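To keep things clear, I will list the structure first and then write my remarks on it.
Readers should treat all values here as calculations from the given coordinates under stated rules, not as data from a laboratory. Predicted model only: the values in this text are computed from it and were never measured. Every residue, glycine as well, gets a Cβ built from its backbone with ideal geometry; the counts of neighbours run over all protein chains shown.
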Amino acid sequence: MTRLPALFIGHGSPYNLFNQNEFTQSLKDFGNKLFSRYKPRAIILISAHWLTRGTFLTDDDNPRMIYDYYGFPKDFYEYKYPAKGSSKIAEEITQYFPELLKTTKDWGIDHAATIVLENLNPTGNIPVIELSLDIQQPPKYHFELGKKLRSLREQNFLLIGSGNLIHTFREFNWNIDAEPFEWVIKLDKIQKKAFDSLDINLLINYDQIKLSKRGFQTNDHYLPMLYIIGMLQSGETVRYIYEGIQHASVSHRSFFIGKL
């Protein structure tokens, strides 16, 4: 039996679609190692940018691009990630979890996916299916759903959560290389300690960390991480792909679980 790794990537700004920086290079390097070893049937990407009532999978062989950002140069709206989708695989997965998942054609590939996948796998030679976040549910629900979905790792699916652990526009610097705010550094260290010690309770109940209220106004970018932590198997630990901050307040801490 082969168990694929599962990833959480802090995707950040759409500028990371085209910018060459330490973060994007870390994804390129990791992707080269990952896809030289594994050939997934499909990538299942849990998107911070697709908020629904209920949990859905994209059901489209040719998913449309979702340009869910505003005020960027023209080429940002002409960009297309070349991957196909797979209605067949989406339907197959919902049959494994009929009470938990449904399919829909109402979404496509958003920038939570494109930033990650353009850097991890620019060839787009693996089908991509997005999974939405049920905004009605508390954090523990998302963690528990991740536990239920972790069997997909053993069926040759690559699961990726895409969000950001610290993500706020109240305190933000448009300079991508701006010096991080001191409180951001402090919160990032607290989160890292929780990952290193596998303090699952604190990761789920993040409101116990006072700085979390400053770190994000809504938890949509945080929740995809809980799915990946829920997919931990016995003996696995969190291993970092990248540790860093852009725009002074956007955490790009990214990690994987499993073997590489």
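Below is a table of values for the structure above.
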{"read-out": "Relative contact order of the chain, defined on C-alpha pairs under 8 angstrom at six or more residues apart (%)", "value": "33 percent"}
{"read-out": "Karplus 3J(HN,Hα) series, Hz, for segment 108-113 with 6.51 cos²θ - 1.76 cosθ + 1.60 (x for Gly, Pro)", "value": "x, 10, 9, 7, 5, 8"}
{"read-out": "Longest segment of the chain lacking chymotrypsin sites (Phe, Trp or Tyr not before Pro) that sit in a DSSP loop with at most 11 other Cβ atoms within 10 Å", "value": "71-168"}
{"read-out": "Ranking of H252, H167 by count of other Cβ atoms within 10 Å, fewest first", "value": "H167, H252"}
{"read-out": "Cut-off of 10 Å, at most 16 other beta carbons, DSSP loop: longest stretch of the chain lacking such trypsin sites (Lys or Arg not before Pro)", "value": "106-169"}
{"read-out": "Cα-based Rg of segment 1-80 normalised by 2.2 N^0.38 Å, two decimals", "value": "1.30"}
{"read-out": "DSSP-assigned coil residues among GluC sites (Glu not before Pro) in segment 123-179, each with at most 16 further Cβ atoms within 10 Å", "value": "E171"}
{"read-out": "Taking I109, I126 and counting other C-beta atoms within 10 Å, the order from fewest to most", "value": "I126, I109"}
{"read-out": "For segment 92-98, 3J(HN,Hα) per residue [Karplus equation, 6.51 cos²θ - 1.76 cosθ + 1.60, θ = phi - 60°, Hz, x = Gly/Pro]", "value": "4, 5, 5, 5, 6, 10, x"}
{"read-out": "Kirkwood Rh (inverse of mean 1/r, distinct Cα pairs), the chain, angstrom", "value": "18.3 Å"}
{"read-out": "Whole-number percent relative contact order across segment 146-260, with pairs defined as alpha carbons under 8 Å at least 6 apart", "value": "43 percent"}
{"read-out": "Charge dipole (debye, nearest 20) of the chain; +1 at Cβ of Lys and Arg, -1 at Cβ of Asp and Glu", "value": "600 debye"}
{"read-out": "Scaled radius of gyration (Cα, divided by 2.2 N^0.38 Å) that segment 115-172 gives", "value": "1.40"}
{"read-out": "Dipole axis of segment 6-257 (+1 Lys, Arg; -1 Asp, Glu on Cβ), positive-most option in S162, Q25, F143", "value": "F143"}
{"read-out": "Contact order normalised by residue count of segment 1-113, Cα under 8 Å, 6+ apart, percent", "value": "35 percent"}
{"read-out": "Nonlocal amide H pairs with D110, under 5 Å, H built at 1.01 Å", "value": "I66"}
{"read-out": "Selected from A6, Q217, G235, residue furthest toward positive end of dipole (the chain; charges at beta carbon)", "value": "G235"}
